[in-house]
1. Considering PHE93, PHE86, PHE60, which residue is in contact with a Cys (Cβ under 9 Å, 6 or more places away or on another chain) and among the aromatic types (Phe, Trp, Tyr)?
2. Could you identify the single residue in GLU219, GLU233, GLU226 that is without any contact (Cβ under 8 Å) to a residue 40 or more places away in the chain, within 20 Å of ILE271 (Cβ to Cβ) and of a type in the set (Asp, Glu)?
3. May I ask you to say which residue of LEU282, LEU243, LEU225 is at negative phi and surrounded by fewer than 18 Cβ atoms within 10 Å (Cβ to Cβ)?
4. Given (1) surrounded by fewer than 14 Cβ atoms within 10 Å (Cβ to Cβ); (2) touching a residue at least 60 places away in the same chain (Cβ under 8 Å); (3) not basic (Lys, Arg), identify the lone condition not met by GLY255.
5. Of the numbered conditions (1) closer than 21 Å to TYR309 by Cβ; (2) touching a helix residue (DSSP H, G or I) at 6+ places or on another chain (Cβ under 7 Å); (3) of a type in the set (Phe, Trp, Tyr), TYR260 fails exactly one; give the number of that condition.
6. Here are some conditions: (1) under 30 Å from PHE150 (Cα atoms); (2) not in a loop (DSSP other than H, G, I, E, B). TYR262 meets all but one. Which one does it not meet?
7. Condition (residue is among the hydroxyl-bearing types (Ser, Thr, Tyr) and in a strand (DSSP E or B)) applied to the range 192-200: is it met by at least one residue?
8. Quick check on this structure: which one of ILE12, ILE30 is assigned by TED's automatic domain parsing to the domain that holds ILE110, part of a strand (DSSP E or B) and either in contact with a helix residue (DSSP H, G or I) (Cβ under 6 Å, 6 or more places away or on another chain) or of a type in the set (Val, Ile, Thr) (or both)?
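The values are calculated or read from the model by the stated rules, or taken from the named source; none is laboratory data. In this text, all values refer to a predicted model and were calculated from it rather than measured experimentally. Every residue, glycine among them, receives a Cβ derived from its backbone with ideal geometry; neighbour counts consider all protein chains shown.
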Amino acid sequence: MQIKLEEVVEAIDSTDVNTQYYYYIPEERIILNDGTVKDKYLIPLPSHKQIDDYGTMKAFIEEKTDGEAKEWLEECIKGAGAFRRFRNTLERFALSDRWYDYLQDAHEQIAVDWCEYYGIEYLEDRPFQKIETSVSAPEPKTLSKHNYRFITIDKDNIYSLAYLTADFRKALSALKGIREDVDVDDALEELRYYVNKGYPIFAVSDNGRYVGYGVCRIEDDTVWLESLYVRPECRRKGIGRMLFEKAEGIAKEHGNSTLYQYVHPNNDTMIRFLKHCGYDVLNLIEIRKAYENEEPEDSYTIGENSFRY
């Protein structure tokens, strides 16, 4: 999913108490929903209540003014009619251009936070200066070519992660030589299960695009790494390590010195990664009967015992 950052900002600038814009997933564009589009295809843009221009106004006075202008501006924003008096005072001290640039940057930061949260890759036409806003969001790193940032996944943004989860499940099936058709709805149900169970789900985004994610399963304070996946084209860039260290931090919060995880024995890439992280102790073996019409082709020997796989 993609969107031009300026389109998000334009929608934010146009939002008022009677207006709600949405990102329409199938066409990757912003719309005003007329009630004919299903909610599952819509992502709400920041609402009027989330765009705190009054808080931005106070921050502007504190950061960008001083002396007599600051005193006048601090006084004029008290009580009803604050925005009108604020604009008039800006004109008195020739600060209008400075304010509108500052407000533009504030709205752009809100737009970036929104894109990051929903896993929508944003395309920039111009760089901008990050400022603090009253919209709560995880603290981003300095915007750059690779703007890696952790995003907490919850019930509101799991749909955006479902595409990546479907790819992960297909990759796991391929390790067993199975071509499994996992669609987005199947992946969405899996994520909903995790959310309902309270499992921590976290993604890494790069300029809004989810490039990897992890899920931890917590049982009696034992923390299992349920899922860890990085897009193939984004590997060998430290993203897997970021996700793994995030999961290890969750384990430490629950009093554990290690994570636990299931790994397919022919998943050589993951096994090498785990060994590099100091994980080389075999803990348990999961054993089952062969499925109907299944003929395992590989075998593994552990100690004196051999197993089909």
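1. On the way: PHE93 fails: in contact with a Cys (Cβ under 9 Å, 6 or more places away or on another chain); PHE60 fails: in contact with a Cys (Cβ under 9 Å, 6 or more places away or on another chain).
Only one candidate passes the filter, namely PHE86.
2. Values: GLU219 fails: within 20 Å of ILE271 (Cβ to Cβ); GLU233 fails: within 20 Å of ILE271 (Cβ to Cβ).
Only one candidate qualifies: GLU226.
3. LEU282
4. (2)
5. Among (1) closer than 21 Å to TYR309 by Cβ; (2) touching a helix residue (DSSP H, G or I) at 6+ places or on another chain (Cβ under 7 Å); (3) of a type in the set (Phe, Trp, Tyr), TYR260 violates only (2).
6. (2)
7. Step one: list which residues in the range 192-200 are among the hydroxyl-bearing types (Ser, Thr, Tyr), which gives 193-194, 199.
Okay, now just the ones that are also in a strand (DSSP E or B), so none.
Checking the range 192-200: not a single residue is among the hydroxyl-bearing types (Ser, Thr, Tyr) and in a strand (DSSP E or B).
8. Details: ILE12 fails: part of a strand (DSSP E or B).
After applying the criteria, what remains is ILE30.
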